[in-house]
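Report on the structure given below.
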Amino acid sequence: MELQNTVKEALNALYHHPDDGVRLQADRWLQDFQRTLDAWQVADNLLHDATSNLETLIFCSQTLRSKVQRDFEELPSEAFRPLRDSLNNLLRKFHKGPPKVRTQISIAVAALAVHVRAEDWGDGGIVKWLRDEMNLHPEYIPGFLELLTVLPEEVFNYKIAARPERRRQFEKELTSQIEVALDILTACLNINELKEQVLEAFASWLRLKHGIPGSVLASHPLVLTALSSLNSELLSEAAVNVISELIHYTAAGSSGGVSVQMPLIQVLVPQVMNLKGQLRDSSKDEEDVKAIARLFSDMGDSYVELIATGSDESMLIVHALLEVASHPEYYIASMTFNFWHSLQVNLTRRESYISFVNESSSIEAERNRRLQVFRPAYESLVSLVTVADVLIDAASVLGGDATLRILYMKLDEAAACCHNEQSEWRPAEAALFGIRAISSYVSAVEAEVMPKVMDRLLKLPQHPQLLQTVCLTIGAYSKWLDSASGGLSILPSVLDILMSGMGISEDSAAAAAVAFRQICDDCRLKLCGCLDGLFHIYHRAVSGEGSFKVSADDSLHLVEALSKVITELPPDHAKRALEALCLPVVTPLQEIVSQGPDTLNSKPFRDLTVHIDRFGYIFRYVNHAEAVADAIQRLWPIFKAIFDLRAWDMRTMESLCRACKYAIFGSDPSCANYLKSLIEALFMHTTHLLTSIQEFTARPDIADDCFLLASRCIRYCPQLFIPSAVFPSLVDCSLIGITVQHREASNSILTFLSDIFDLGNSAGGEQYLPIRNCVIIPRGFSITRILIASLTGALPSSRLELVTYTLLSLSRAYGPQSVEWAKESISLIPLTAVTEVERSRFLKALSDAASGSNVNALSVPIEDLSDVCRRNRTVMEIVQQSLRPLELNIAPGS
């Protein structure tokens, strides 16, 4: 009783106390209370207490729902029956509301059914039990109806701490009772005020996609009720939800698919098509138009394979979808975009014509017939939208050149009204946006429209935002500039436009820098003779002198651009050009280092990283190994001085690691000695920095770059890296950091480890296996234990795929020995958290992987173990405390 009063007082403070600190304290107390064993009884008592106010009822119903979902295992098995009866009484008590409370109680009952097998529930399982309750107590039907609605939804609710096997069993229990559920709902149709609720419940059960034949559903009273509601003056949201679910249901493989469901499809499609006229009815509410558009989009998405045959009936749906696409409200028009993409894939993909597989000429003839049928629809689509993905779909069907002709007409019309910077320039920009989007679909030798487009681009007024789009469009057509017969003559004018872009605004400068990079990449052979002009632009951008507004980050595009042109030069020329490329980058760094340790230590990190990042791009994109090696050797004293004095500076270290990462070209023997000393110095610095999980958390970018670099070493120069003294230190360092929560850093560490385990699969990797094994085998148990801890909760479930791959790589590399490590690791977890059966399934999957089975077939038992160990907070804590992933030196069985 005292605890109940404390809960009431805390809720009163939470909602009504004027002091923020008191409210925060009350909130924390209530959250802690919800995790206690006492919360079961207190919440139940207060819900039955007639004096509880609304705030108390809502909180207690949420608490009880949460306890049933997450903490059901806390209760002894004999507690199930009284809990079920109490929840049933509450469902009756709140059958008229408050709605929030009734919903929480309904979800709690449904969650209870997920935990408890049908035979243990009694009365033939929850659906039959519910039917009997509704027959005995018709006055409580509204409350029971809500339970019937949420019941199938709980199949997909992963907040419920049920084991995976039980969850699958629950879905089977419900699908076996779907006809009973539909009979209950049909009986409830007689209560007129419950019709909306009945239809919502029907939609919920349809989401289970259970195979009721289309011939049965086509004449089912629930379906007919939903269809009749479509024609009513006030469009029923519940009816729309039902029709939408029915459309998806008819296309689902588990329901038998389109062929089995054709009787139902033949009922649904004409009824939805009757709504087409309402799309343009100005008197219709926008929400109604949105609902109708949704039904057409659902039909398009679900029946795309039927529509792709190009029959007269299917073209009626296509024309309706064009109506939706032309709607002025983007959020309505965009509902069709997925359909246009799916249709394009169906029309262009060879697999779509599998029925013509033995007649290759027929395949091509049928493909061409269909493309011709849908050509007018996609031409209309191009004139309606400016969305890049949709225009790309259109270009895939029509061809890039034909799409370009339509878009150029829009540009020509818009440009005619765009005489100066004050004119309306947005239509011209929209047309350019479309032209840019389809660039990869336009022929590199297109000679009819592209010259006109380029001519237009060079003459448009230089409004900052329009100039930005002009620059991006020029860059997108860099391959055309390289291949077109008149491309060389246009290049000087194009570069002038880009220089204008670099001087107008920061946004246009960014776009111009990207375009400059694209043109230097694709036209690099043409530009080898123009190095002086390119270096003039480069120096202005990198030095920050003059009128250019190119940011430090965007200047990297120019560094990359010149690097790619230099790659095409003969070695001697390349060496001189590389020196010129490095000069404006190295000079400011030399000045800082020459001023002594105090100056170097006191400089803001950005004064260093802006130049180091440019070196990273030079090392990455200049493809002359010897010239780059010479450059790095000359630069190493500067880098070493920064390494030695700025080890405390995370961002500078990150920048240096990244730059050195791109200096790995170990296949070149002339670089071997230099590279070995670079690798050892770099990794030694990093392992001294990253000595705890806290350091990994504070410096995730350094960890990311360090282990990406280590992976490159394994792949490109194992002869230097694997035998080095730093290799065991880096493996130990990786074990400290596996569970870092930063996604990229964690992924890089896991990839590094899997690359080590996969070493035997690489060319020439086998000779280093004895050295690898001397490092890995003594650490095998620790590696396995930490990977299993990552799998079971130390890392987010979104990393499951990569953790699984790493664990399976370890199993493939070390066979039965790795299974023993896994057995020792998993035996640390108490049986209360993971049963013997669940352990055995997991170990069998690893054993199968070790013996060479297909790893794709092994993912389910591994995912099941992950789900079991993450099913609630208590279990996760037990598992992690057992596996202790942050402790490296735990003996097996300890």
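The values are calculated or read from the model by the stated rules, or taken from the named source; none is laboratory data. Computed from a predicted model, the values in this text were never measured in an experiment. FYI the Cβ positions are ideal-geometry reconstructions off the backbone, even for glycines, and counts take in every protein chain you see. To get the accessible areas, we keep the full protein, side chains included, count just its heavy atoms, and leave off ligands, DNA and RNA. Shrake-Rupley method; radii C 1.70, N 1.55, O 1.52, S 1.80 Å.
For segment 398-413, which residues satisfy the criterion of being open to solvent by 10 Å² or more (accessible area, probe 1.4 Å) and either over 10 Å from Tyr441 (Cβ atoms) or hydrophobic (A, V, I, L, M, F, W, C) (or both)? Break it down into steps so the answer makes sense when it comes.
Filtering segment 398-413 down to residues open to solvent by 10 Å² or more (accessible area, probe 1.4 Å) leaves 398-399, 401-402, 405-406, 408-410, 412-413.
Passing the criteria: Leu398, Ala402, Arg405, Ile406, Tyr408, Met409, Lys410, Asp412, Glu413.
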Kindly indicate the residue of segment 777-817 that is more than 20 Å from Leu843 (Cβ to Cβ) and among the aliphatic types (A, V, I, L, M) and also surrounded by the fewest Cβ atoms within 10 Å (Cβ to Cβ) among those meeting that condition. Leu802
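Just to be sure I understand, how many residues within segment 46-57 are buried (at least 16 other Cβ atoms within 10 Å of the Cβ) and either touching a Gly at 6+ places or on another chain (Cβ under 7 Å) or assigned to a helix (DSSP H, G or I) (or both)? Give the derivation first.
The initial filter retains those residues of segment 46-57 that are buried (at least 16 other Cβ atoms within 10 Å of the Cβ), namely 46-47, 52, 56-57.
Imposing the further condition that a residue be either touching a Gly at 6+ places or on another chain (Cβ under 7 Å) or assigned to a helix (DSSP H, G or I) (or both) reduces the set to 46-47, 56-57.
Here the count works out to 4.
Residues that are touching a Leu at 6+ places or on another chain (Cβ under 7 Å) and β-branched (Val, Ile, Thr), at least 3 per element: which helices (runs of 4 or more DSSP H) completely within segment 491-601 meet that? Walk me through how you get there before you give the answer.
Numbers: elements: 506-522, 524-527, 531-543, 552-567, 571-594.
Answer list for segment 491-601: 571-594.
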I'd like the full set of residues that are surrounded by fewer than 21 Cβ atoms within 10 Å (Cβ to Cβ), outside any helix (DSSP H, G or I) and either in contact with a helix residue (DSSP H, G or I) (Cβ under 6 Å, 6 or more places away or on another chain) or on the phi > 0 side of the Ramachandran plot (or both), limited to segment 249-274. Gly256
Could you say whether any residue in segment 124-147 is aromatic (Phe, Trp, Tyr), in contact with a Gly (Cβ under 8 Å, 6 or more places away or on another chain) and in contact (Cβ under 8 Å) with a residue 40 or more places away in the chain? no
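Filter segment 58-112 down to the residues that are among the aliphatic types (A, V, I, L, M) and free of Cβ contacts under 8 Å to residues at least 24 places away in the same chain and list them by number. Can you show your working first?
Going through segment 58-112, the residues among the aliphatic types (A, V, I, L, M) turn out to be 58, 64, 68, 75, 79, 83, 87, 90-91, 101, 105, 107-112.
Correct list: Ala79 only.
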Would you point out which residue out of Tyr378, Tyr353 is touching a helix residue (DSSP H, G or I) at 6+ places or on another chain (Cβ under 6 Å), buried (at least 19 other Cβ atoms within 10 Å of the Cβ), at pLDDT below 90 and in a helix (DSSP H, G or I)? Tyr353
Could you grab me the full set of residues in segment 219-233 that are at pLDDT 85 or above, of a type outside the set (Gly, Ala, Ser) and not in a helix (DSSP H, G or I)? His220
Could you please find all residues in segment 805-815 being within 10 Å of Leu750 (Cβ to Cβ) and among the polar types (S, T, N, Q)? Thr806, Ser809
Exactly one of these conditions fails for Lys284: (1) open to solvent by 70 Å² or more (accessible area, probe 1.4 Å); (2) among the basic types (Lys, Arg); (3) farther than 28 Å from Gly124 by Cα. Give me its number. (1)
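State whether the residues of segment 131-143 include one that is buried (at least 23 other Cβ atoms within 10 Å of the Cβ) and of a type in the set (Phe, Trp, Tyr).
Within segment 131-143, not a single residue is buried (at least 23 other Cβ atoms within 10 Å of the Cβ) and of a type in the set (Phe, Trp, Tyr).
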Take segment 356-374 and flag every residue that is crowded, with 16+ Cβ neighbours inside 10 Å and free of Cβ contacts under 8 Å to residues at least 40 places away in the same chain. Phe356, Ile363, Glu366, Arg367, Leu371
Scanning segment 219-236 for residues that are closer than 13 Å to Leu185 by Cα and small (Gly, Ala, Ser) gives Ala226
Number of positions in segment 495-520 that are touching a residue at least 40 places away in the same chain (Cβ under 8 Å) and open to solvent by less than 10 Å² (accessible area, probe 1.4 Å): 10
Those residues that are surrounded by 22 or more Cβ atoms within 10 Å (Cβ to Cβ) and among the aliphatic types (A, V, I, L, M), I need them from segment 616-626; list them, please. Ile618, Val622
Among the residues of segment 296-314, which ones are assigned to a helix (DSSP H, G or I) and either under 14 Å from Trp340 (Cβ atoms) or among the small types (Gly, Ala, Ser) (or both)? Phe296, Ser297, Met299, Gly300, Asp301, Ser302, Val304, Ile307, Ser314
So Arg634 fits all but one of (1) surrounded by 14 or more Cβ atoms within 10 Å (Cβ to Cβ); (2) among the charged types (D, E, K, R); (3) at pLDDT below 90; what number is the exception? (1)
With the checklist (1) crowded, with 20+ Cβ neighbours inside 10 Å; (2) modelled with pLDDT under 90; (3) among the hydrophobic types (A, V, I, L, M, F, W, C); (4) part of a helix (DSSP H, G or I) in hand, flag the one item Val216 doesn't pass. (1)
Taking Val242, is it open to solvent by less than 50 Å² (accessible area, probe 1.4 Å), at pLDDT 90 or above, in a helix (DSSP H, G or I) and in contact with a Leu (Cβ under 8 Å, 6 or more places away or on another chain)? yes
Considering each of Ala239, Ala201 in turn, give the residue that is in contact (Cβ under 8 Å) with a residue 12 or more places away in the chain, touching a helix residue (DSSP H, G or I) at 6+ places or on another chain (Cβ under 9 Å) and not assigned by the TED database to the domain that holds Lys128. Ala239
For Glu820, the lone unmet condition from (1) out of contact with any Phe, Trp or Tyr (no Cβ under 6 Å at 6 or more places or on another chain); (2) crowded, with 19+ Cβ neighbours inside 10 Å is (2)
Within segment 476-485, restricting to residues that are within 15 Å of Lys452 (Cβ to Cβ) and open to solvent by less than 30 Å² (accessible area, probe 1.4 Å), the one that is modelled with the lowest pLDDT is Ala484
Show me the helices (runs of 4 or more DSSP H) found entirely inside segment 824-894 where at least 2 residues are surrounded by fewer than 16 Cβ atoms within 10 Å (Cβ to Cβ) and not hydrophobic (A, V, I, L, M, F, W, C). 836-850, 873-883
